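What follows is a set of notes on a single structure, which appears directly below.
The values are calculated or read from the model by the stated rules, or taken from the named source; none is laboratory data. Only a predicted model underlies this, so the values are computations on that prediction, with no experimental measurement involved. Methodologically, a virtual Cβ is constructed for each residue, glycine included, from the backbone with ideal geometry; neighbour enumeration extends over all protein chains shown.
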Amino acid sequence: MKYQVVIGLEVHAQLLTNSKIFCGCSTKFGAEPNSQTCPVCLGLPGALPVLNRKVVEYAIRAGLATSCSIAPRSIFARKNYFYPDLPKGYQISQFELPICLDGHLEIELEGETKRIGITRIHMEEDAGKLLHLDTMEAGEMSFVDLNRACTPLLEIVSEPDMRSPEEAIAYLKKLHQIVVYLGICDGNLEEGSFRCDANVSLMPVGAETFGTRAELKNINSFRFIKQAIEYEMERQADILDEGGKVIQETRLFDPDTGTTRSMRSKEEAHDYRYFPDPDLVPLVIGADWIEDIRQTLPELPDAKRSRYVGELALPEYDAEVLAASREIAEYFDACLAFYPQAKTVSNWVMGDLLRSLKEDNSNIADCPVTPRLLADMLQLIENGTISGKIAKTVFDEMYKTGKEPVRIVEEKGLVQVTDSSEIEKIIEDVLAKDPVQVEAYRSGKEKLFGFFVGQVMKASRGKANPGLVNEILSKKLKG
C-alpha cells in the first residue's frame, strides 16, 4: 500500500429529552410537520432561549463515560450560516469553550486494543429538515419541516486516530453502545438519532504530515459509513496517483451507487463567524453536581464484561453477548439474583430467550418470561422435577402464556419420572422389542447406547430422569 488513511469522526447523538434544548416543544419523532414549534425554535424576533438542564446533565454523563474532563465554565456560541431549514440564520452551538474535553475510548480489533482520542463533546441545537417531494400539480418541490429545529444534540469529535475503516466502525459501535447504555440517546440510526460525519485523508506510508481531508456528511448506517470511507480512500488515491491534489470539501455519500459526490467546499471555523451568544449566559457547573451525576452512571459495557469473566467465570464470548445490550445484561443480572448459577443462566438467556425474541421481533423489556420465571424453571431442573429436555417445552409455554413454570408442569403432567422401578420397567420393554440391536451392542457396537437412550426417553415422553436412565440402561445392557 502506498498510502495510509487517516480518519476522524464527528458523531451527532440526539438526546432523549422530552423537550428541546432551548424551549419546551416536544422532541417526539414522527409528528405532523411544523406541529412541534414555537417562537423560540422558529427563530422569531424577540424570542429568548432558555437552556434545558437535562441536556447539560446528559452531556456530563457522556463526558464522564468517555473519560473527558468536564469544564467548570463553558459558553454557547452562534455558528452563522444560511440554510433553508435553519430559521434563525445561525445555529446555537459551542466553540472555544465546550463542556467536555480530552477524553478517549478503547476499541478492540483482531485481539488488539487501541485508544482513540476524543477531542471534545459539545452541546448544540439541530436544524430542521427539508422534504423533497414530486407533486402532480407543481412537479418537484421542497418543503421545510421545523419540528427538529432546536432538538438537543451532542457532537462528539474524535482525534484523527483511526487508520482503517474497520477501526472507524469499531469506534462508532463502541460509542453507540455507550450512549444507549447511558440512556441519553436511543441510538436509532434510521431516524437519525445517531449519525456521523467522517473526515478522511490519505498520506504516503511513513509520512507524518496528514493529507488534505474530505468530510463525508450525515451518514446514518454503519455499513454505509464503511462503504463511504472505502470509496473515498480509492477516490483520493486515484487523484494522488495521477499527480493531482485532493481539495478540502464536504461530500455526500450516495448509498445507491456506493459513491461520494461534492456538496460544497469545506468551510473553516472563521467562515462561520462564531461569537458568544448574547442571549445565553456562561454555563457554570459545580463539582458537586458532576460528582452526583458520576454516582448515577450505570456499569458500562467494558466493566460489565470484565466482571462477567473475572467474577462469574463466564467465557469471553458469553460476556460479550450479554453485555452488548444494557437490557439483556440487566435481565441476566436479575436472573442471577434468584438463581446464582451464571453459566446455566447464560446458556438459557443466550439460547432459548434470545432466539424467541428474535423470532418474535420483540424487545426483552416486553418478554413474558421474567427473570423470576426463568430462575424458577431452572430451579425445577436442579431439583429433578423436570429434565432439561422437558424444560424446553416449559420455556416455550412460559413465553407464549407468561404462566409460572410449576403451573405449566402440573397442567401438562410434565413431572420427571424418578422412580427407578418405573424407569427399569420402561427400559426392559424397550430392550425386549429390539433383541437384534441388544445383541449387536453386546457384540461391541457400543455406539448403540445412545440409540437405546433415545428410545427410552421417547417411551417415557421425555419424562424419565436422564441420569437414572443411563445408569439402569448400562446395567441392563451388560446383562
*Name the single residue, out of those in region 431-479 being among the hydroxyl-bearing types (Ser, Thr, Tyr) and surrounded by 11 or more Cβ atoms within 10 Å (Cβ to Cβ), that is modelled with the lowest pLDDT.*
Ser460
*Filter region 339-379 for residues that are in contact (Cβ under 8 Å) with a residue 12 or more places away in the chain, aliphatic (A, V, I, L, M) and within 11 Å of Ile328 (Cβ to Cβ) and give the result.*
Val349, Met350, Leu353, Leu354, Ile364, Ala365
*State yes or no: is Ser142 more than 25 Å from Ser93 (Cα to Cα), polar (S, T, N, Q) and either over 19 Å from the mean Cα position of the chain (by Cα) or surrounded by 15 or more Cβ atoms within 10 Å (Cβ to Cβ) (or both)?*
yes
_Candidates Met123, Met162 - the one that is surrounded by 24 or more Cβ atoms within 10 Å (Cβ to Cβ), aliphatic (A, V, I, L, M) and within 29 Å of Pro49 (Cα to Cα)_ = Met123
*Are any residues in region 181-209 part of a loop (DSSP other than H, G, I, E, B) and among the hydrophobic types (A, V, I, L, M, F, W, C), and if so, which ones?*
Ile184, Cys185, Leu189, Val205, Ala207
*asked:* Please go through (1) surrounded by fewer than 24 Cβ atoms within 10 Å (Cβ to Cβ); (2) under 26 Å from Val246 (Cα atoms) for Val200 and return the number of the only condition it doesn't satisfy.
replied: (1)
*With the condition kept exactly as written, say whether any residue in region 435-452 is part of a helix (DSSP H, G or I), under 44 Å from the mean Cα position of the chain (by Cα) and in the same structural domain as Leu473 (by TED's automatic domain parsing).*
yes
*Answer with yes or no whether Tyr58 is assigned by TED's automatic domain parsing to the domain that holds Ala228 and touching a residue at least 40 places away in the same chain (Cβ under 8 Å).*
yes
*Filter region 239-270 down to the residues that are under 17 Å from Phe210 (Cβ atoms) and β-branched (Val, Ile, Thr), then identify the one that is surrounded by the most Cβ atoms within 10 Å (Cβ to Cβ).*
Val246
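Does Glu108 qualify as being more than 28 Å from Ser19 (Cα to Cα) and either modelled with pLDDT under 95 or not in a strand (DSSP E or B) (or both)?
Judged against the criteria, Glu108 is a match.
Mind telling me which of the residues Phe224, Phe275, Phe253, Phe194 ends up being more than 30 Å from Gln177 (Cα to Cα), among the aromatic types (Phe, Trp, Tyr) and assigned by TED's automatic domain parsing to the domain that holds Ile92?
Phe275
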*Please state which of the following conditions Tyr83 fails to meet, knowing it meets all the rest: (1) more than 27 Å from the chain's Cα centre (by Cα); (2) crowded, with 19+ Cβ neighbours inside 10 Å; (3) in a loop (DSSP other than H, G, I, E, B).*
(2)
*Criterion (out of contact with any strand residue (DSSP E or B) (no Cβ under 9 Å at 6 or more places or on another chain) and modelled with pLDDT under 95) met by exactly one of Ser325, Ser346*: Ser325
*State whether one or more residues within region 166-180 are in a strand (DSSP E or B), under 17 Å from Glu155 (Cβ atoms) and of a type in the set (Phe, Trp, Tyr).*
no
*Within region 371-397, which residues are surrounded by fewer than 16 Cβ atoms within 10 Å (Cβ to Cβ) and not in a helix (DSSP H, G or I)?*
Gly384
*Looking at region 453-479, which of its residues are part of a loop (DSSP other than H, G, I, E, B) and of a type in the set (S, T, N, Q)?*
Ser460, Asn465
*Taking the options Thr37, Thr17, name whichever one is in a loop (DSSP other than H, G, I, E, B), in contact (Cβ under 8 Å) with a residue 12 or more places away in the chain, touching a helix residue (DSSP H, G or I) at 6+ places or on another chain (Cβ under 6 Å) and assigned by TED's automatic domain parsing to the domain that holds Ala198.*
Thr17
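So, in region 91-105, of the ones that are assigned to a strand (DSSP E or B) and over 22 Å from the mean Cα position of the chain (by Cα), which residue ends up nearest to Glu57 (Cα to Cα)?
Cys100
Go through region 210-238 and give me each residue that's part of a helix (DSSP H, G or I) and surrounded by fewer than 15 Cβ atoms within 10 Å (Cβ to Cβ).
So the first thing to find is which residues in region 210-238 are part of a helix (DSSP H, G or I), and the list is 222-238.
Arg223, Glu234, Asp238, listed by residue number.
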*Of all residues in region 21-34, which are assigned to a loop (DSSP other than H, G, I, E, B) and on the phi < 0 side of the Ramachandran plot?*
Ile21, Phe22, Cys23, Gly24, Cys25, Thr27, Lys28, Phe29, Ala31, Glu32, Pro33
*asked:* Cβ-Cβ under 8 Å, sequence separation 6+ or interchain: first residue in region 305-319 and in a loop (DSSP other than H, G, I, E, B), partner surrounded by 12 or more Cβ atoms within 10 Å (Cβ to Cβ) and β-branched (Val, Ile, Thr). Which pairs?
replied: Pro315/Val309
